[in-house]
Amino acid sequence: MPAYPVKVQPPTEDKRWGLVMATMKRHGYQSNAMIETLHTVQESFGFLDDDSLRFVSKALNVPLSKVYGVATFYHFFTLKPQGKHTCVICMGTACYVKGAGELMETIAKKYNVHPGETTDDGNLSLVTARCIGACGLAPAGVFDGEVNGKLTAADTLTKLTKWE
């Protein structure tokens, strides 16, 4: 018997909500299914909007503030639609000391985009991460899911220019 048997309707009739509902049902609508449910929402829709956060809160009987806190704490989650391509620059201590700040400045200057933003043309989203676990490759970045290390400003621009 689910801990929270009240049937909550998804925000829209979009069929992707079926995947989200299945995730919650598989976990018995338990509050500890929140992170996995948020992952399913993001995989299904590309980002977490206000409606989806409210829905997860209500369906799992978790305060909205807690759902929002989780969604903003973990760098994997995004509250805005992402661009066609994503560039994640690690800002962990090793990467920062070895020049991650310069990489960020170079990207911001060339593409007029700052961390957490997407370029006006929707082509590039720039994201920072506290640590990507590649300290030996510092400074490191992730370009459309591919980890690259020992980056220079020139290397970074070369990678990004391929997406123009």
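A search for C-beta distances below 7 Å between a residue of the stretch 108-123 that is farther than 17 Å from Asp144 by Cβ and any residue that is at pLDDT below 95 and exposed (fewer than 14 other Cβ atoms within 10 Å of the Cβ), counting only pairs 6+ apart in sequence or on different chains, returns Ala108/His114.
To keep it simple, each residue is scored yes or no on (1) among the polar types (S, T, N, Q); (2) over 17 Å from the mean Cα position of the chain (by Cα); (3) modelled with pLDDT of 95 or more.
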| position | (1), (2), (3) |
| --- | --- |
| Val8 | no, yes, no |
| Gly28 | no, yes, no |
| Leu38 | no, no, yes |
| Phe45 | no, no, no |
| Ser57 | yes, yes, yes |
| Val62 | no, yes, yes |
| Gly69 | no, no, yes |
| Phe76 | no, no, no |
| Leu79 | no, no, no |
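Residues are listed down the side, and each one gets a yes or a no for (1) within 24 Å of Trp163 (Cβ to Cβ); (2) in contact (Cβ under 8 Å) with a residue 24 or more places away in the chain:
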site	(1), (2)
Gly46	yes, yes
Arg54	no, yes
Pro63	no, no
Val67	no, yes
Lys80	yes, yes
Cys95	yes, yes
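Report, by residue number, each residue of the stretch 58-71 that is in a helix (DSSP H, G or I) and either among the aromatic types (Phe, Trp, Tyr) or surrounded by 13 or more Cβ atoms within 10 Å (Cβ to Cβ) (or both). Of everything in the stretch 58-71, those that are in a helix (DSSP H, G or I) and either among the aromatic types (Phe, Trp, Tyr) or surrounded by 13 or more Cβ atoms within 10 Å (Cβ to Cβ) (or both) turn out to be Lys58, Ala59, Leu60, Leu64, Lys66, Val67, Tyr68, Val70, Ala71.
The values are calculated or read from the model by the stated rules, or taken from the named source; none is laboratory data. Remember, it's a predicted structure, so these values are computed and weren't measured experimentally. Counting neighbours? That spans all protein chains shown, and the Cβs are built from the backbone with ideal geometry, glycine included.
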